[in-house]
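To keep things clear, I will list the structure first and then write my remarks on it.
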Amino acid sequence: MIEIKNVTKTYSEGTDVAFQALRGVSFTIEDGEFVAIMGPSGSGKSTLMHIMGALDTPSSGLYELDGKDVSTLSDDALADIRKTKIGFVFQSFNLLPRTTVLRNVMLPLVYAGIDSAVREKKATDSLIAAGLDKSHFGHKSNELSGGQIQRVAIARALVNDPTLILADEPTGNLDSKTGEIVMGTFQKLNEEQGRTIVLITHELDVAEHAKRIIFIKDGLIQSDKSNHQRRKANTNS
C-alpha cells in the first residue's frame, strides 16, 4: 500500500538557514498492517505523516500510495485521495462542538454530495464500528467524554471507507485509561475489518498496541521491528 523510498524533507527558515526534517527515509507498509511510527518531538514523525497523508510533498525521494507516485498528481487528484483513500484522526479531535455526533460524522459525505439516506446509514455504521451505540448519536460532541469524542473522530475517519487511516497522537489529550479504550478501538478495526492503520506517537505504551514499530530520530529510521521481534529481543537481553 505505502512505499517510501529515500524520502527527504527540508524546510527553509530564511534565506541562508534550512532545517532537514527527514534525511533519507525508506520503508513499506502492506495492506492491512497496523504500524506505529514513534519518536521524540522534532524527530520527523509528523512531517512523515503529512507526506503520507498527501498534505505535504518530499524534497526528494519517492512516495507511492497504492502504486501511484503521489508527487506526480494534480492538486485535484491529491484532494480526491484525501477525501476517499485516507481517513485522518487528530489529537485535537477537530469536531464541531454544537453539532450532533451523527451530523459530525456525516459532514464529509455532505461535502461529497452523497444522498441523505445513504450518508445517514454510512455514518451510523461507522459510529457502531468505532464503538459507540445509538444512544450517543443525538448528543452534541461537547456533551461527550474525551474518549467518546475521539471515537466519534475515528468514525468520521471511517465514513468514506478509506484504505488508510492516519492517526496523529490520537491519545495525546486523553488519560491513560481512556487512551487504552481508544487504542482498543484501533486494534479492533485492524483485526476485525483489516483496516490499514498508521499511528504517530511518542509514547511506547501507545505504540505497543500496533503490530510493528518504526522508531525515528533526527530524521532517520533507528529501528523497524515487529512488536514480537522487539519483545523477543528485550527478553533475550
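The values are calculated or read from the model by the stated rules, or taken from the named source; none is laboratory data. Computed from a prediction, not measured in an experiment: that's the story for all the values here. Virtual Cβ from ideal backbone geometry, glycine too; neighbours counted across all protein chains shown.
Return the residues of the range 134-167 that are part of a helix (DSSP H, G or I), of a type outside the set (Val, Ile, Thr), out of contact with any strand residue (DSSP E or B) (no Cβ under 9 Å at 6 or more places or on another chain) and farther than 20 Å from LYS121 by Cβ; say none if nothing qualifies.
So in the range 134-167, the residues part of a helix (DSSP H, G or I) come out as 134-136, 141-143, 146-158.
Remaining after also requiring of a type outside the set (Val, Ile, Thr): 134-136, 141-143, 146-148, 150-151, 153, 155-158.
Next, only the ones that are out of contact with any strand residue (DSSP E or B) (no Cβ under 9 Å at 6 or more places or on another chain) stay: 134-136, 142-143, 146-148, 151, 155.
ASN142, GLU143, GLY146, GLY147, GLN148 - these are the residues of the range 134-167 that are part of a helix (DSSP H, G or I), of a type outside the set (Val, Ile, Thr), out of contact with any strand residue (DSSP E or B) (no Cβ under 9 Å at 6 or more places or on another chain) and farther than 20 Å from LYS121 by Cβ.
Scanning the range 192-210 for residues that are over 16 Å from ILE2 (Cα atoms) and either of a type in the set (Asp, Glu) or not in a helix (DSSP H, G or I) (or both) returns GLU192, THR201, HIS202, GLU203, ASP205, GLU208, HIS209, ALA210. Within the range 199-217, being of a type in the set (A, V, I, L, M) and touching a Phe, Trp or Tyr at 6+ places or on another chain (Cβ under 8 Å) holds for LEU199, ALA210, ILE214. Name the residue that is surrounded by the most Cβ atoms within 10 Å (Cβ to Cβ), counting only residues in the range 7-46 that are of a type in the set (Phe, Trp, Tyr) and under 17 Å from the mean Cα position of the chain (by Cα). So the residue we want is PHE34.
Hey, among the residues in the range 72-87 that are within 19 Å of LEU166 (Cα to Cα) and without any contact (Cβ under 8 Å) to a residue 40 or more places away in the chain, which one's nearest to the chain's Cα centre (by Cα)? Spell out the reasoning first.
At the first step, the residues of the range 72-87 found to be within 19 Å of LEU166 (Cα to Cα) are 77-87.
Checking which are without any contact (Cβ under 8 Å) to a residue 40 or more places away in the chain leaves us with 77-82.
Working: ALA77: 20, LEU78: 17, ALA79: 16, ASP80: 17, ILE81: 14, ARG82: 12 Å.
That would be ARG82.
Residues that are at pLDDT below 95 and closer than 14 Å to GLU30 by Cα: does the range 177-185 have at least one? No - not one qualifying residue is present in the range 177-185. Considering only residues in the range 152-195 that are buried (at least 23 other Cβ atoms within 10 Å of the Cβ) and not aliphatic (A, V, I, L, M), the one that is farthest from THR84 (Cα to Cα) turns out to be THR171. Apart from one condition, GLN91 fits all of (1) under 30 Å from THR124 (Cα atoms); (2) at pLDDT 90 or above; the exception is (2). Taken over the range 37-64, the criterion of being assigned to a loop (DSSP other than H, G, I, E, B), farther than 16 Å from ILE221 by Cα and among the hydroxyl-bearing types (Ser, Thr, Tyr) is satisfied by THR57, SER59. Which pairs do you get when a residue that is on the phi > 0 side of the Ramachandran plot, found in the range 47-71, comes within reach of a residue that is of a type in the set (D, E, K, R) and assigned to a strand (DSSP E or B), reach meaning Cβ atoms under 9 angstrom, with the pair 6+ apart or on two chains? Final answer for the pair search is GLY61/LYS5; GLY61/LYS9; GLY67/GLU3.
From the set of residues in the range 103-133 that are touching a Ser or Thr at 6+ places or on another chain (Cβ under 7 Å) and part of a helix (DSSP H, G or I), which is surrounded by the most Cβ atoms within 10 Å (Cβ to Cβ)? Spell out how you get there, then give the answer.
We begin by selecting, within the range 103-133, every residue touching a Ser or Thr at 6+ places or on another chain (Cβ under 7 Å); these are 104-105, 130-131.
This time we only want the ones that are part of a helix (DSSP H, G or I), so: 104-105.
Values: ASN104: 24, VAL105: 31.
Ranking the candidates gives VAL105 first.
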